[in-house]
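These notes concern the structure reproduced below.
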Amino acid sequence: MDYMDISRMRHTVRRFGPEPVSEEDLGRILEAGRWAPTAVNAQPQRIVVIDTPEELAKVREFCTFGYSEKYAELSPEAADPENGRNVYYYGAPLVLLVCYDEDACWRHPKTGRPSGETDATIVAVNMMMEAVSLGLGTAWISYFDPEKARSLLDLPDSWRTVCMLYVGKPAEGWTPNAHLSGARKPIEETCFRDGRRP
């Protein structure tokens with residue numbers, strides 16, 4: 001498979017099976033992140049591997065903000081109306097919390113803006129695409145409470161959370177949400193050249 005094949009195979013999985021991700025596959029995913037480009041090769045990414053029942057229970061606590069009918073319709077798997085919440089955890093056996101260390105990243109010399117969020121995002125994409133190449137399903141999650149995550153996972157003060165990657169085998173019978181994983185817009189709607197603008 002080439003990169004475009006892998007890109008088209010990737011869907012956001014919202015229901016995972018219980019099979020654990022092997023240590024070999026986890027190692028390859030983390031290695032893909034390790035080789036991601038970062039500004040001046042500072043490598044400020046900090047990946048928290050979450051794969052025990054006790055730690056995964058914490059994910060359920062910080063990936064909810066109460067109940068939303070809109071998100072329940074978009075993602076019925078997350079709806080928990082009896083408890084007044086949507087829980088954006090889909091049973092993944094492996095969660096990678098992607099952070100960066102604010103003290104370790106490059107800063108733009110003129111604006112002072114840190115590169116960490118961009119660096120960590122590139123790392124996350126590398127890991128996600130490697131997981132897909134291994135036949136695993138993934139979900140990119142940014143809808144969570146970063147301060148609650150910091151507290152529950154005891155993160156250092158200088159670490160900033162960016163996203164989570166859920167990784168595992170899709171549950172039997174799971175199919176992608178056609179609305180959320182559908183066709184892409186024509187390239188002319190998102191890319192511009194020769195002075196042309198929308």
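Structure values in brief
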quantity	calculated
Boolean, P109 is open to solvent by 40 Å² or more (accessible area, probe 1.4 Å), part of a loop (DSSP other than H, G, I, E, B) and free of Cβ contacts under 8 Å to residues at least 60 places away in the same chain	yes
Near pairs, Cβ below 9 angstrom, 6+ apart or cross-chain, from the range 42-68 (at positive phi) to any residue that is open to solvent by 60 Å² or more (accessible area, probe 1.4 Å)	Q43/R34
Subset of the range 144-190 (residues that are under 12 Å from V48 (Cβ atoms), touching a Ser or Thr at 6+ places or on another chain (Cβ under 8 Å) and not basic (K, R))	A149, L155, V162, C163, M164, L165
Those residues of the range 149-175 which are closer than 15 Å to P44 by Cα, open to solvent by 30 Å² or more (accessible area, probe 1.4 Å) and assigned to a strand (DSSP E or B), in sequence order	W159, R160, T161
Hits in the range 119-138 - residues which are polar (S, T, N, Q) and either surrounded by fewer than 24 Cβ atoms within 10 Å (Cβ to Cβ) or touching a His at 6+ places or on another chain (Cβ under 8 Å) (or both)	T121, N126, S133
Long-range neighbours under 6 Å by Cβ, at least six apart or interchain, first residue in contact (Cβ under 8 Å) with a residue 24 or more places away in the chain within the range 8-29, second outside any helix (DSSP H, G or I) and of a type in the set (F, W, Y)	R14/Y90; R15/Y90; R15/W174; F16/Y90
Hey, L165 at pLDDT 95 or above and either among the hydroxyl-bearing types (S, T, Y) or closer than 18 Å to F65 by Cβ (or both) or not	no
Qualifying residue in the range 179-195 (condition: without any contact (Cβ under 8 Å) to a residue 24 or more places away in the chain, β-branched (V, I, T) and over 24 Å from G137 (Cβ atoms))	yes
Members of the range 53-93 found to be under 23 Å from R150 (Cβ atoms), touching a helix residue (DSSP H, G or I) at 6+ places or on another chain (Cβ under 7 Å) and open to solvent by less than 70 Å² (accessible area, probe 1.4 Å), listed by number	K58, F62, A78, N86, V87, Y88, Y89, Y90
Selected residue (only one of I141, I50 is of a type outside the set (D, E, K, R), within 12 Å of the chain's Cα centre (by Cα) and open to solvent by less than 50 Å² (accessible area, probe 1.4 Å))	I141
Matching entry among D101, D25 (being modelled with pLDDT of 95 or more, charged (D, E, K, R) and in contact with a Pro (Cβ under 7 Å, 6 or more places away or on another chain))	D101
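The values are calculated or read from the model by the stated rules, or taken from the named source; none is laboratory data. For clarity, every value in this text was computed on a predicted model and none was experimentally measured. Because the Cβ atoms are built from the backbone with ideal geometry, glycine has one as well, and the counts that use them run over all protein chains shown. Side chains are part of the model used for accessible areas, which takes the heavy atoms of the whole protein and leaves out ligands, DNA and RNA. Shrake-Rupley method; radii C 1.70, N 1.55, O 1.52, S 1.80 Å.
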